[in-house]
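Trainee: Here you go, one structure.
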Amino acid sequence: MSAEPKRGVVIAIDGPAGAGKSTLARALALELGLPYVNTGLMYRSVAAGALREGADPRDGAALADLARRLRFSIEEGSPPALRIDRGPGGQELTGADVEGVVSAVARHPEVRSVLRAEQRRLGAAGSVMEGRDIGTVVFPDADVKLFLRAEPEERAARRQSERGSDDPLLARALERRDALDARTNPLVPSSDASVVDTTGLGPDQVLDEVLALVREITGGGQPGRG
């Protein structure tokens, strides 16, 4: 990771699925004038590519090669955000097929090594980056480290809302994914992370709480806006 030195303000957001990482990260990036990087989409793009090409989710070397063929960049927008070329996008990345294999794909050290290097490259100039190991591995030198958590029932309800589904099996799927993900990365905050419990809070309430934390940690300034 030292091959790509951090040059701008980086805010790292970690936590489990359904804790509100993506909603917060996008809003925070917009508020602070920083690029937004959703690292989960990078792993999903590899999983979707594996399904499309018939690659074995157990073959770490083949999956890492697939990851190297994808092109990741930051696309201008409000806020600037992750762009994935030579790979699928949109709803294909959030479909049930990808959901079913993404944890198996992401557990391979070879895949994680490729994508972590890309994540460091994408975010080093300054970013709000969310995922599972951003503050501990990708940006241990992040200026602000946040760890979001929420009660399992609320996390499942949020995922149902995101997917437009009221399938009660989604809660079980979330539990299975938590268990699989935990084998790859123990889901615990780093010792220097600020833990935010989003249970019972709306997006605006979470954003207000986190903005106050960011300003406190950075000395009252506005990262990304000169």
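Trainee: Cβ contacts < 9 Å: first residue within 17 Å of V46 (Cβ to Cβ), restricted to the range 69-98; second residue in a strand (DSSP E or B) and modelled with pLDDT under 85, any location; separation 6+ or different chain. Result?
Mentor: none
Trainee: What's the number of the condition E110 fails, among (1) buried (at least 21 other Cβ atoms within 10 Å of the Cβ); (2) not in a strand (DSSP E or B)?
Mentor: Going through the list (1) buried (at least 21 other Cβ atoms within 10 Å of the Cβ); (2) not in a strand (DSSP E or B), E110 breaks only (1).
Listed here are the residues, each with its yes/no results for (1) at pLDDT 95 or above; (2) over 16 Å from the mean Cα position of the chain (by Cα); (3) of a type in the set (V, I, T); (4) surrounded by 15 or more Cβ atoms within 10 Å (Cβ to Cβ).
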| site | (1), (2), (3), (4) |
| --- | --- |
| T184 | no, no, yes, yes |
| S191 | no, yes, no, no |
| G202 | no, yes, no, no |
| V206 | yes, yes, yes, yes |
| E216 | no, yes, no, no |
| G220 | no, yes, no, no |
| G224 | no, yes, no, yes |
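The values are calculated or read from the model by the stated rules, or taken from the named source; none is laboratory data. What you are looking at is a predicted structure, and each value in this text was computed from that prediction instead of being measured. Note that we place each Cβ from the backbone using ideal geometry, even for glycine, and neighbour counts take in every protein chain shown.
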